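In what follows, a single structure is set out as structure tokens and then discussed.
Bear in mind that the values in this text are calculations on the coordinates, not laboratory data. This one's a predicted model, so the numbers in the text were calculated from it and none came from an experiment. Here the Cβ positions follow ideal geometry from the backbone for every residue, glycine too, while neighbour counts run over all protein chains shown.
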Protein chains: 2
Amino acid sequence: MVVSNHARPTLEDVAARAGVSRATASRVLNASPRVSPEALEAVNAAVHALGYQPNRAARALVTRRTGAVAVVFSEPEPKIFDDPHFARLIRAGARALADADVQMVLMLVHSPDDQARAHRFLAGGHVDGALVFAPHRNDELVSIVKKLPLPVVYAGKPWGSLRGMHLVDNDNEGGAVLATEHLKSLGRRKIVHVSGPLDELSAIDRLNGFKSALSLDDKGAARVTEDGGFTREGGRKAMSVLLSRIPSLDAVFVASDLMAAGALETLQEAGRRVPEDVAVVGFDDHATIAEHTSPPLTSVRQDSDEQVKHMVEHLMKLLRDETVKSKKQMLPTVLVRRESA
Amino acid sequence: MVVSNHARPTLEDVAARAGVSRATASRVLNASPRVSPEALEAVNAAVHALGYQPNRAARALVTRRTGAVAVVFSEPEPKIFDDPHFARLIRAGARALADADVQMVLMLVHSPDDQARAHRFLAGGHVDGALVFAPHRNDELVSIVKKLPLPVVYAGKPWGSLRGMHLVDNDNEGGAVLATEHLKSLGRRKIVHVSGPLDELSAIDRLNGFKSALSLDDKGAARVTEDGGFTREGGRKAMSVLLSRIPSLDAVFVASDLMAAGALETLQEAGRRVPEDVAVVGFDDHATIAEHTSPPLTSVRQDSDEQVKHMVEHLMKLLRDETVKSKKQMLPTVLVRRESA
DNA sequence: CTCCTCGATGAAAACCTTTGAGTCGGCGGT
DNA sequence: ACCGCCGACTCAAAGGTTTTCATCGAGGAG
């Protein structure tokens, strides 16, 4: 008998070695209950001895499941990916999906071309589901994905109708309220806000939290808030605009740590002491930023790792056809006090 | 006749609509030459009309090719992933692989557990090849991967024997020579070096370039170099060590922009003007760092996008069984002059 | 007119797994 | 002694594609 020396063993080989049929071997691998202890033992031994690994393609062909999940980042501004936040999300996704024994297929979508490719790919049935990160207003990709018969979990609220969509969001509004209330409790009376770009819902939610904590109407809010675009430089500029508009301000809630770092610089250049003259609260509690500003930044923590983990779990439930209690999950945020407020 | 309304069309459907056999349709899809113009036309029309997409699993089953490539980052220190460099590499990989119409399966390897999982996965034949980023000394993962019958292209030189390995490296040594020669040409006489951690080959190569440009032996080098660990904080510390050891130093070549940013801070705190008193050259030409230090940083540019692109092309050649002229590729580095030197 | 060649095409095997239908004892109930 | 049932198992089909081999027809050479 000729031994094919390098071919990978198939289920047939395993079955032969265990003295059972292919079907029984398959049932053992899929943890079917209808199998005797002896058979189970024999098959497991054979699997181990042969170093057998199921052929994913064959399995996918018959089960119509690929065992892969797409992770899609839609972001028109490719440079934003230098944002360490992005790296964190990817890392968390890789870990959570690996734990679920699912392949992670990463897709970065920048251009309309990329959108078309993503569309083809997702519609092509090459993955069982998708995790979608698409924070921007009227993102075409979301409308595309929405039409697909594919289980999808979104990170945060995508723009537009949320009917029937599954998502895991951070409590941006609640966090903003937390931050603002904290500033009020410090006795600050002239509190201003550096917001994120208002084509991102997370920025809007944070702005809304700020407004509601101070009972501001739109007109009132317009005077004491300024868009910092979620960049450090934008934070600097917004802060200096606010300083000139309201010289007597004594506290600022900044919608991201990166912008807060910029705002701190502006404040210090203007001769304001933090926190004595102006108290500052950021958002994100970004490790490599918040702890290294001077003074260290008080910030609202949102746990991206946790968010991604929940997204993966949620998607896995959808894939297993489990009924999910709620389509939307909201993750709590907490205030982390350091020295800036 | 019942029409299954939502099932995805198969090659059979395409063939039927085009009035040819499945075999011919398949040939059209795979650009086989042995097919008549009429058949080609008809099949293409049918494909288009039906929105047909080949079933990847079925194709993989018969061709023994998965159409997927693993991108593996081995990095014991998970926090390093906050490094924007990492995000750049991932982005470049995603783009290049998508252009090659290959699925990118991302694997992050931190622990021995992760290594075992990576081993199983790569050995399991779930991908056609791999791109491996493993900069550290004696990385177990490299020995594991080396034994696998799997085409692999490394980023930079992995530690250990390089026999038969395919890799795309940046010319770290050449870049370091460039930087050091530049400092010499400015008339600087007391040039020191903040190196990266010496368990990374790229750091060693840069150190070697520095040494050879100054004709230093090991002993001489030991006095004028200090390990900054590729972190900002490490750069600060190394710089202050060097300052106290050689107060009269008038130039420093720093092995990364991040460390250079730290070094700049230390220098300025010590009252040294840059570049008047001390000239500084970094390495990486990292957009978001080099351009935003004060003064803007002169730096050696290494193009990660280009590196990853070459890695992907190289791997694709291996997968197509093309003979590659050289197993190792070295990418040039250039000096980008700004104001710090 | 016959034979041969050659290019285009079709029929069918092969890839490996899951799964529904069917087989085969053994066992409890009558 | 028979029936029905049940659990463990096997058989074989199905899933969608590529690819080898055979076939078929046309056209050129003799």
Over region A:99-164, what is the mean sequence separation of C-alpha contacts under 8 Å (at least six apart), divided by residue count, expressed as relative contact order in percent?
31 percent
Inter-chain shielding of B:117-128 (mean C-beta neighbours from other protein chains, 10 Å cut-off):
3
Most positive-pole-ward Cα, B:G209, B:Q268, B:A222, against dipole of region B:204-310 from beta carbon charges:
B:A222
Spelling it out for B:Q103: with amide H atoms placed in the peptide plane at 1.01 Å from N, the residues 5 or more places away or on another chain with amide H under 5 Å from its amide H are B:A68, B:V69
P(r) of chain B over all Cα-Cα pairs, binned every 10 Å from zero, in whole percent:
5, 22, 25, 19, 13, 8, 6, 3, 0, 0
per DSSP, antiparallel bridges as share of beta bridges in the protein assembly as shown, % nearest 5, sits at 10 percent
Between 0 and 90 degrees, rounded to the nearest ten: what's the tilt of helix B:112-123 against the longest Cα principal axis of chain B?
40 degrees
Here the longest stretch of chain B that holds no GluC sites (Glu not before Pro) in a DSSP loop having at most 10 other beta carbon atoms within 10 Å is B:1-275
Other-copy label distances relative to B:S32, 7 angstrom Cα-Cβ extension, nm
3.6
Hey, can you grab everything whose amide H is under 5 Å from the amide H of B:D169? Only 5+ residues off in sequence or another chain; H modelled, so Pro and N-termini drop out.
B:G156, B:Q329, B:M330, B:L331
Counting only Cα, what are the radius of gyration and maximum Cα-Cα distance Dmax of the protein assembly as shown, in Å?
28.6, 92
Highest GNM mean-square fluctuation among B:R65, B:R17, B:R56, for chain B with Cα springs under 10 Å, belongs to B:R17
Hey, got the average number of other protein chain Cβ atoms within 10 angstrom for residues in B:284-296?
1
Share of Cα-Cα pairs in region A:11-54 lying beyond 16 Å, as whole percent:
17 percent
Under the Karplus relation with 6.51, -1.76 and 1.60 and θ = phi - 60°, whole-Hz ³J(HN,Hα) for region A:256-271, x at Gly and Pro, equal 7, 5, 4, 5, 5, 4, x, 4, 4, 4, 4, 4, 5, 5, 7, x
Given C-alpha coordinates of region A:79-160, what is the ratio Rg to Rh with the Kirkwood estimate of Rh?
0.94
Assuming R0 = 22 Å, what is the FRET efficiency of A:A222 and A:Q268, from their Cβ-Cβ distance, to the nearest 0.05?
0.25
Can you give the Rg/Rh ratio of region A:268-338, where Rg is from the C-alpha atoms and Rh is the Kirkwood radius?
1.24
Cα-centred dipole magnitude for chain A, charges only on beta-carbon of K, R (+1) and D, E (-1), debye, nearest 20:
840 debye
Taking the Cα centre of region A:211-341 as origin and charging only Cβ (+1 Lys, Arg; -1 Asp, Glu), how large is the dipole, in debye to the nearest 20?
360 debye
Here FRET efficiency (C-beta to C-beta, B:L148 to A:S248, R₀ 51 Å, nearest 0.05) is 0.15
How far apart are the B:T288 label points across copies, placing each 7 Å from Cα toward Cβ, in nm, shortest first?
0.8
In sequence order, calculated HN-Hα J values of region A:190-202 (Karplus, 6.51, -1.76, 1.60; Hz; x Gly/Pro):
10, 9, 10, 9, 9, 8, x, x, 7, 9, 10, 5, 4
For residues of B:86-95, the mean tally of beta carbons on other chains within 10 Å:
5
Looking at chain A as a GNM with Cα springs under 10 Å, which of A:A25, A:A260, A:A238 has the largest mean-square fluctuation?
A:A25
With T = 4 °C, eta = 1.567 mPa s and Kirkwood Rh from C-alpha pairs, the Stokes-Einstein D of region A:135-183 in µm²/s is about 104 µm²/s
Distances from B:R120 to the same position in the other copies: list them in nm, one decimal, shortest first, using label points 7 Å from Cα along Cα→Cβ.
3.4
Chain A, Gaussian network, Cα under 10 Å: of A:D284, A:D171, A:D13, the residue fluctuating most is A:D13
In terms of the Cα gyration tensor, with a ≥ b ≥ c the square roots of its eigenvalues, is region B:172-303 rounded because a/c is under 1.5, prolate because a/b exceeds b/c, or oblate?
rounded
Enumerate the calculated ³J(HN,Hα) couplings along region B:130-143 in order (Karplus 6.51 cos²θ - 1.76 cosθ + 1.60, θ = phi - 60°), each rounded to whole Hz, writing x wherever the residue is Gly or Pro.
8, 10, 10, 10, 9, x, 8, 4, 6, 6, 3, 4, 5, 4
Could you tell me which of B:V252, B:L297, B:M104 has its Cα farthest along the dipole of chain B towards the positive end, charges placed at Cβ (Lys, Arg +1; Asp, Glu -1), taken about the Cα centre?
B:M104
